[in-house]
Structures are given as structure tokens and as C-alpha cells.
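Structure record follows, encoded as C-alpha cells.
Every number in this text was worked out from the coordinates using simple rules, so none of it is lab data. Computed from a predicted model, the values in this text were never measured in an experiment. A quick note on method: Cβ atoms are made from the backbone with ideal geometry, for glycine too, and the neighbour counts reach across all protein chains shown.
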Amino acid sequence: MRLITDSPKETTGIGKKIGRKLKPGDIICLFGDLGSGKTVLAKGIAVGLGVDRKKVISPSFVLMRQHLSGSIPLYHFDLYRLKSCEDILAIGYEDYLFAQGVSVIEWADRLKYLLPKQFLKIELRVAGASRRTLEFIPEGERYKELAKELL
Amino acid sequence: MKILALDTATKRLTLAVSDGTKSGEFNLEVGRKLSGLLELIIKRVVEAAGLDLKSIDYFAVGLGPGSFTGMRIGLACVKGLAWALNKPVVGVSTLDILAQNVKDEGKQIIPAVDAKRDLIYCSVYKISNGKCRRIRPYMLVNLKEFLKIAGRQSVILGDAIGIYKESFLKNIEGVKLLEKELWWPRAHNLITLCLDRIKEKKISNTFNIKPIYLYPKECQIKNI
């Protein structure tokens, strides 16, 4: 399933729709180059969960930001600076997954062996100055259902 | 000798103080609130025992393997206290502490801790002449590897049982799975092990103590 957006606002809108459908323990993995809209989409997801838009900024530097003001806790990861899976384990990444919150992971390509068995993969691509394509690839039953709901 | 002992590498925090004659222990499943609660709990338990943190002679801490965040919270806390009070630290593997829950002489004792992602932290111990000895390294293995390690009549304990019970019963002849109450390390056993380490002069300090990090083998190849 593929969606095309023509502005960051539209991308945020899709994020919002996703955020409203999420349940505790859900994992969303975002793949895409710099500037492809991963953080914009993550922001939308956060807003959909009831988090204040302004509070959601890129966690590239701090690796993970925890947002507890929404309907469910949101763990917003950015693995850009982590090159090996030992580093990812060392930040305690796995202690957050499968817990009471929703995990949104930017630069999920870094996970390799650590990718969970079930998750919603979203691939973002630059298709023009402000045009982006978002490809949804659900892994596992829960995420096939979720992707269907989003259509 | 006054000892404060704690282990935070499993889901259940365990903490104890001893002044050489009497001791008190505190156990609680704390989950994500651990980092905020640990200092408070230490203060309460030490006060309840009628002691003063400044009078503690040794800080004992469980080194894992286990939850990376969990064991670092406990270790960082102990490092801070030991540094501020200028006291020695004694580190003991969480699996060693766990093995102390078993008294069966001569049998293979296997503490098995759930490491998530279908993996198990484990090691193998044997008691002879009343002394519990580790006879294998600390390992991070999958179920198949675990079943190869576990010999007949092994005694297994730890929260991995909660996940693999059926498979253990089916594949390990004469296996004994301990009940849930015995799945967690107990700080009073850490105090006992700490006293052994002090006798053997295996003592560390704030700067040279390290947790036991075990990585899955798929992870050990560095990506550039």
C-alpha cells in the first residue's frame, strides 16, 4: 500500500490517523533518507496519540524521547547515530518494546538482526521538492489489520 | 561488618542490609519506576534496620546478565554511593545469586533468565561438599542450545520457566522446575556471596566494577 503526500502537513495528517489507531505494544519502524519526512510523520503519530505537537522534536541526539502526556506512552527512537546492534542493545532499546507504550523508530534499518518479528514498516521516499511517497509494509497479523484500517 | 546488597538485573528488585548479626531484606517488582524508587527504598531499608548509610562497610551489587537498563540503574547507584562514601564494592553475577536458591547436592543447577527475543541467560552450577560452584561460563543462548546444555535431572530456576516450561518438561529427562517464588535473586544470598568474596579478597571499587553484558552472537560483528 502506497500513499503520496504533497506537503509536510499532509504527512503529519497521515501520522495523526495512524496515531489514533495504535494500541500499547505497537511498533512502527520508519525507513527513509535524511529529509524524507520520518520525523514529520512521527510528529503526526504523536499528535494522534494526544501529545502536544511542539513537544515532538527529533531525538537524533538523545536517541530516544519518551512522551507520557498522550493517551498511551510514546517512545520515539532515532537510531541514526547508532552503527552497531551492540550499541542499540546498550541503550536499553528492548526494555521499551512490547511494553505499555507505542514505539516509533526512525532509522530502523540500523536494527538489522534486532528488528522485531511483527511491526508496521513505513518506507518514506523523496519524490519531489515537497512530495513524498509512503509505503506501508505490515509484518504480522496485527499490522496487516492496522494497515487495512488506515486505507 | 555492615553490608548493603542489591540486584536490579531482573524484573524484581531485591535489596538487603546486614550489620553482621541481623539482616533485613526487601523484594519488589518495580518495572519502569525503578530509577526513581531505588534511592528511596535504600534509604527506607537502611533506616528501618537502624543503620546509617555512612556506616556501611561494603556495597554488594548484582552484575547481571540481565536487563541492560535494570542492571545499570543498580550499578550506577552503588557506584555513586561507594564513591561518595569511599567504600569498596563487591560485584556478583545475578546468575550466581540465583543459583543460591537451590540446595540440591550433586545435581546440575541451571539459573535461566528470560533475555527476550527467544533467548535465555544461563549458566550451570553444582553443589559439592556444601559449596556451590559454577561449571560453565555465563551464556546467552536460544532454546535449542539451552536444551543441549541441560543434562538429565537438571534443576532449573528463573523466569525463563514462565516461557519455556512445556519444552523443558518434554525435552529434559527428570528435570526439576522450581516454583515461581524461587525464580528471582535474593539479596540475603548476595550478602552471603559478598562475605565469601571479601574472604577471597575479590573486592572492586567504583571505577573498576563492570556489569556483565552478553550480546547475541548475531550482534557481535561490528557494522561500519
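Here are a few things to note about the model shown:
- For chain B, the list of Cys residues with no other Cys C-beta under 4.7 Å reads B:C77, B:C122, B:C132, B:C194.
- Rounded to whole Hz, the Karplus (6.51, -1.76, 1.60) HN-Hα couplings of the range B:33-49, x for glycine and proline: 7, 3, 4, x, 8, 4, 4, 4, 5, 4, 4, 4, 5, 5, 5, 4, 7
- Dipole-positive endmost among A:Y80, B:G130, B:A112 within the protein assembly as shown (Cβ charges, Cα centre): A:Y80
- Each of the GluC sites (Glu not before Pro) that DSSP puts in a loop and that has at most 13 other Cβ atoms within 10 Å breaks chain B; the longest unbroken stretch is B:1-104.
- Distance from the range B:78-116 to the range B:122-157 (C-alpha centre basis), Å: 15
- Of A:K112/A:K144; A:K144/B:K33; A:K38/B:K11; A:K21/A:K121; A:K54/A:K117; B:K107/B:K210, those spanning more than 23 Å from alpha-carbon to alpha-carbon: A:K144/B:K33; A:K38/B:K11; A:K54/A:K117; B:K107/B:K210
- DSSP bridge analysis restricted to the range B:102-182 gives an antiparallel fraction near 70%, rounded to the nearest 5.
- Averaging over all projection directions, the Cα-based convex hull of the range A:2-150 occupies 7.8 nm² in the image plane.
- C-alpha long axis of helix B:161-171 to longest principal axis of chain B, angle in °: 30
- Within the protein assembly as shown, percent of DSSP bridges classed antiparallel, to nearest 5: 60
- Dipole magnitude of the protein assembly as shown about its Cα centre (Cβ charges: Lys, Arg +1; Asp, Glu -1), debye to nearest 20: 360
- Extension gain, B:L182 back to B:R32 (0.36 nm per residue minus Cα-Cα distance, nm): 51.8 nm
- 0 to 90° range, to nearest 10: angle between helix B:68-85 axis and chain B longest Cα axis: 30
- DSSP-defined beta bridges in chain A - what % are antiparallel, rounded to 5: 55
- Where labels lie 7 Å past Cα in the beta-carbon direction, separation of B:R134 and B:N208 in nm: 1.8
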